[in-house]
Structures are given as C-alpha cells and as structure tokens.
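Engineer: Attaching a single structure in structure tokens format; questions to follow.
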Amino acid sequence: MTPFRPHMQAALDEARAAARRGEVPVGAVLVGPDGQVLARAGNRTREGHDPTAHAEIRVIRDACATLGTERLPGCDLYVTLEPCAMCAAAIAAARIARLYYGADDPKSGGVRHGARVFAHPQAHHVPEVYDGIAAREAEDLLRDFFRGLRDN
C-alpha cells in the first residue's frame, strides 16, 4: 500500500458520511509534517447554510485553529474531489505543501480544470499536486449520490 492511501481512505470515509447527511460527498484530511492527522471533515454546506463549508475549507480552519497559526507549511491535504477555485485559493493562502486529490472535476474544478488557480502568477504559493488517488471510488460516490437525487 502506498503511503498516501490510508489518508485518502479516511477522506473517502468523510465523503461517505457527508452523503449520509445529504451533502455532496466530498471528504478531506489534513496531515501535519510529522504524519499526524490534524483535521478531517466532509462537506457541510447544506447543513450549515454556508456555501464556504467545503471539506477543504473546514479542515484548513480546524488545523489552523489546532496549531494556532494561519499557515500550514509542510502539511498535506487529501481530498476526494479536485478542489474548486475557492478551495484552491485557500490551499495556496495556507501554504499547504502537497495536495492529493481523487476525482477530477471538469465542471467546477479549480486546479486542473476551470480557473487553474495554481497556474496564475498571482498564486501566493503553489503546492505539489498529485491527482487520481482513489479516483474511481470518489467518482462512484459522486455518481451514486447525484443519481439518487435524480431518481427521487
């Protein structure tokens, strides 16, 4: 098993929990430089009536609060779906070292698709990006969730 796989599995667990709450199934885990999990969360935009309550934003906020800092250098972020432009900007602002994500998001992504936040000269920081980690599982979760919405 590759070293990043257990963290992506934890992010998938958070995505599944989000789906059970009726949220879009996206999960994230933020890991410190020592390998310790600093925060884990799933989407809570609907529950919290908060359009910024994406899994990535929630783990960044929680980890910063835990560490008492606004930056997270040396940290790794694992997320089940390509971050949107808002989340990519937050990742850059937090100075996260590495981003691992599962499924591509051609419609709303902000890393490989759409805004491509890290490609702009205005990006304060560009993390290392690794995509396609457990992509099939993440895609299946999303597909099943949206199929369920259409069928009901």
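The values are calculated or read from the model by the stated rules, or taken from the named source; none is laboratory data. Quick caveat: nothing in here was measured; it's all calculated off a predicted structure. In this analysis, Cβ positions are derived from the backbone assuming ideal geometry, glycine residues included, and neighbour counts consider all displayed protein chains. The protein model used for the area step is the full one, side chains on, heavy atoms only, and it has no ligands, DNA or RNA in it. Shrake-Rupley method; radii C 1.70, N 1.55, O 1.52, S 1.80 Å.
Engineer: Count charges around Gln36 for me, please; just the other residues with Cβ under 14 Å from its Cβ, Lys/Arg as +1, Asp/Glu as -1. Can you show the working numbers first?
Structural biologist: Values: positive: Arg40; negative: Asp34, Asp62, Asp76.
Around Gln36, the charge tally is -2.
Engineer: Give the long-range amide H neighbours of Ala39: residues separated by 5 or more places, or on another chain, with amide H under 5 Å away, using H modelled in the peptide plane at 1.01 Å from N.
Structural biologist: Those qualifying (amide H under 5 Å, at least 5 residues apart or on another chain) are Leu30.
Engineer: Ok, one more. In the chain, what percentage of the DSSP-assigned beta bridges are antiparallel, given to the nearest 5?
Structural biologist: Values: 9 of 17 bridges.
If we restrict to bridges inside the chain, about 55 percent are antiparallel.
Engineer: So which residue, out of Glu14, Glu82, Glu128, gets the largest mean-square fluctuation from a GNM of the chain using Cα contacts under 10 Å as springs?
Structural biologist: Among Glu14, Glu82, Glu128, the largest GNM mean-square fluctuation belongs to Glu128.
Engineer: Shape of region 87-133 from its Cα gyration tensor (a ≥ b ≥ c, root eigenvalues): rounded if a/c is under 1.5, otherwise prolate when a/b > b/c, or oblate? Intermediate results must be reported in sequence, preceding the final value.
Structural biologist: Numbers: a/c = 2.11, a/b = 1.26, b/c = 1.67.
Since a/c reaches 1.5 but b/c is at least a/b, the shape of region 87-133 is classed as oblate.
Engineer: Taking amide hydrogens as modeled 1.01 Å from N in the peptide plane, which residues meet the under 5 Å criterion relative to Leu72, leaving out close sequence neighbours?
Structural biologist: Arg95, Ile96
Engineer: Under a Cβ-Cβ cut-off of 12 Å, what is the net charge of the residues other than Gly110 that fall near it, where Lys and Arg count +1 and Asp and Glu count -1?
Structural biologist: Numbers: positive: Lys107, Arg112, Arg116; negative: Glu56, Glu82, Asp104, Asp105.
Counting the neighbours of Gly110, the net charge comes to -1.
Engineer: Given springs between every Cα pair under 10 Å in a Gaussian network model of the chain, which of Cys87, Cys75, Cys64 has the largest fluctuation?
Structural biologist: Per the Cα network of the chain with a 10 Å cutoff, Cys64 tops the list.
Engineer: Sticking with the crude label model, points 7 Å out along Cα→Cβ, report the distance from His120 to Thr52 in nm, one decimal please.
Structural biologist: Between His120 and Thr52, the label points sit 1.6 nm apart.
Engineer: Here is a further query. With +1 on each Lys and Arg Cβ and -1 on each Asp and Glu Cβ, and nothing else charged, work out how big the dipole of the chain is about its Cα centre, in Debye to the nearest 20.
Structural biologist: Details: 19 positive and 20 negative charges, 35 e Å.
Dipole about the Cα centre, nearest 20: 160 debye.
Engineer: May I ask you to evaluate 6.51 cos²θ - 1.76 cosθ + 1.60, the Karplus curve with θ = phi - 60°, for each residue of region 72-78 and list the ³J(HN,Hα) values in order in whole Hz, giving x for glycine and proline?
Structural biologist: 10, x, x, 8, 10, 10, 10
Engineer: As a test of reading the structure, rank Val29, Val24 by solvent-accessible area (1.4 Å probe, protein chains only), most first. Intermediate values should be presented prior to the final figure.
Structural biologist: Details: Val29 0, Val24 40 Å².
Accessible-area ranking of Val29, Val24, largest first: Val24, Val29.
Engineer: Which residue, Arg16, Arg61, Arg40, has the most motion in a Gaussian network model of the chain that connects Cα atoms within less than 10 Å?
Structural biologist: Checking each option, the largest mean-square fluctuation is seen for Arg61.
Engineer: Okay, next question. Any idea what the relative contact order of the chain is, in percent, if you count C-alpha pairs under 8 Å spaced at least 6 apart?
Structural biologist: On the way: 333 pairs, mean separation 29.6, N = 152.
In percent, rounded to a whole number, it is 19.
Engineer: For Arg147, what charge total do you get from the other residues with a beta carbon under 13 Å from its beta carbon, if Lys and Arg give +1 and Asp and Glu give -1? Walk me through the numbers on the way to the answer.
Structural biologist: Values: positive: Arg143, Arg150; negative: Glu139, Asp140, Asp144, Asp151.
Local charge sum for Arg147: -2.
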